[in-house]
Amino acid sequence: MLKSLAPIEGNQQPLLQLLWEDKEVKFDVPQLHKNLRSGERVLDYIYHIEDSKGNPGDTGRLMVTNLRIIWHSLVHKKYNLCKCLQFCLPSNELEIEFSQEAIGYARIGNTNTRVVHMHSKARIASQALYILAVSNETRFEFLFTDVSGETSRRDQPIFASVFDVYHLYQRTYLYRDLKLRGAIVQAGQLVILPDEQVFSHVQGVWNLSSDQGNLGSFVVTNIRLVWFADANETFNISLPYLQIESLRVRESKYGPALVIQTAETGGGYVLGFRVDPAERLNELFKELSSLHTIYGEQPNFGIQYNANDARRRLEAAAEEAAQASQFKVDNFEELDERQEREINTKLNSYLAEGCLGKVPSQGERAPVYCKELGFAMEPIRDGYKLQDLWNVMPTKMETME
């Protein structure tokens, strides 16, 4: 990586709003559920949910976004839970109204569903979502309980969207995180992500991370910047625009270079690349600056999820499983058992008459070639056909009327 570079006048890209929402657990943030960051979308709402550990007795709702889970109270507006870490208000500010809590997906260590008994005389069983979040060596445990009291929700996967989106988040890290030496290039071609478009392919790009440099190629898309070495395509870097803190052209001991400063969440690297000639370098810088700005206005975090479609798939799967578990007489046919007793009586007669081909009146018979079978066999006696001896079961089993 570049350690020291002298600045050139101008040619500097303004800072992008860096991504932190998926990497923190926050408590008591005012109006959080109404002030989502650009590109963050609410994918599902789960109502009648209690934060049993933090705010027992308060009914609220869970908001499942493409970056985090947000719980906020619908009873007491001063209690709300936004689980995205490293922040807590001072004790004298805990009474701010519309406070909330949020959990970033990157901080979730474990999650599952449990059956709990509500605090009532009837001790009604209910579903609960358990989440263990870890940040800065601190463990946070959350228990979100369904307090609707509806018996129909007990056996339904009301928290299915949380698991679906969380798994999608884990599989789409290339949209959000810097990746070194990944399996992102095959036979000199970039493995394209869903919704990704390639805008330019620049060859002859020197990576200045070592003294001798490494010659490779740039692939510029609408989501990320990718560089890979020509001699070894596994020596590469996938850098989403989300993790670029600044872009600039600076002077180095190799001449003018494109310098990229990554965010702290992306490792805090300083990456340098040389492109010849200088006019080509300036064109590349302008293209990256434009794409960086456009992406910052509406970032794509890679998670595509439709809660209604997911519910329909679950309902269809449950209905199919229920039908498969039911026994219906109409689905079965009763066979005529009398046919089983008639299984190839000609074969039995043939064996009984000839005692395995030895007939006293005819003696031993020389084998003959059979075209149907492709090998030699003893000649079949008169009154029989090869098909009579070949079929063990009747050719057609009829059903009982």
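Quick notes
- Failed item, numbered, when GLY39 is tested on (1) open to solvent by less than 20 Å² (accessible area, probe 1.4 Å); (2) at pLDDT 85 or above; (3) in a strand (DSSP E or B): (3)
- Segment 263-320: number of residues that are open to solvent by less than 50 Å² (accessible area, probe 1.4 Å) and touching a residue at least 24 places away in the same chain (Cβ under 8 Å): 25
- Test set (1) touching a Ser or Thr at 6+ places or on another chain (Cβ under 9 Å); (2) under 30 Å from LEU74 (Cβ atoms) - LEU178 fails condition number: (2)
- Test: residue in segment 157-171 that is free of Cβ contacts under 8 Å to residues at least 24 places away in the same chain and under 27 Å from ARG311 (Cβ atoms): yes
- Candidates LEU89, LEU94, LEU132, LEU143, filtered to the one that is open to solvent by 10 Å² or more (accessible area, probe 1.4 Å), modelled with pLDDT of 85 or more and in contact with an Asp or Glu (Cβ under 7 Å, 6 or more places away or on another chain): LEU132
- Complete set of residues in segment 243-260 that are among the polar types (S, T, N, Q) and closer than 15 Å to SER290 by Cα: SER246
- Residues within segment 22-35 that are modelled with pLDDT of 90 or more and surrounded by fewer than 23 Cβ atoms within 10 Å (Cβ to Cβ), tallied: 2
- Filtering segment 116-129 to residues that are at pLDDT below 90 and not in a loop (DSSP other than H, G, I, E, B) leaves VAL116, HIS117, ALA125, SER126.
- Within segment 1-21, considering residues that are polar (S, T, N, Q) and open to solvent by 60 Å² or more (accessible area, probe 1.4 Å), the one modelled with the highest pLDDT: GLN17
- Residue check, ARG250 under 28 Å from GLU297 (Cα atoms), among the basic types (Lys, Arg), modelled with pLDDT of 90 or more and open to solvent by 10 Å² or more (accessible area, probe 1.4 Å): yes
- Filter result (of a type in the set (Asp, Glu) and open to solvent by 50 Å² or more (accessible area, probe 1.4 Å)) within segment 195-246: ASP195, ASP211, ASP230, GLU233, GLU245
- Subset tally (residues that are within 25 Å of GLU21 (Cα to Cα) and open to solvent by 40 Å² or more (accessible area, probe 1.4 Å)) for segment 178-194: 3
- Residue within segment 248-269 that is among the charged types (D, E, K, R), part of a helix (DSSP H, G or I) and closer than 24 Å to GLN197 by Cα present: no
- Evaluation of ASP146 against (1) in the same structural domain as LEU239 (by the TED database); (2) in contact with a Leu (Cβ under 9 Å, 6 or more places away or on another chain); (3) of a type in the set (D, E, K, R) (one fails), failing number: (1)
The values are calculated or read from the model by the stated rules, or taken from the named source; none is laboratory data. Remember, it's a predicted structure, so these values are computed and weren't measured experimentally. Cβ atoms come from the backbone with ideal geometry, glycine included; neighbour counts cover every protein chain shown. Each accessible area value is taken on the protein alone, full model and side chains, heavy atoms only, with ligands, DNA and RNA left out. Shrake-Rupley method; radii C 1.70, N 1.55, O 1.52, S 1.80 Å.
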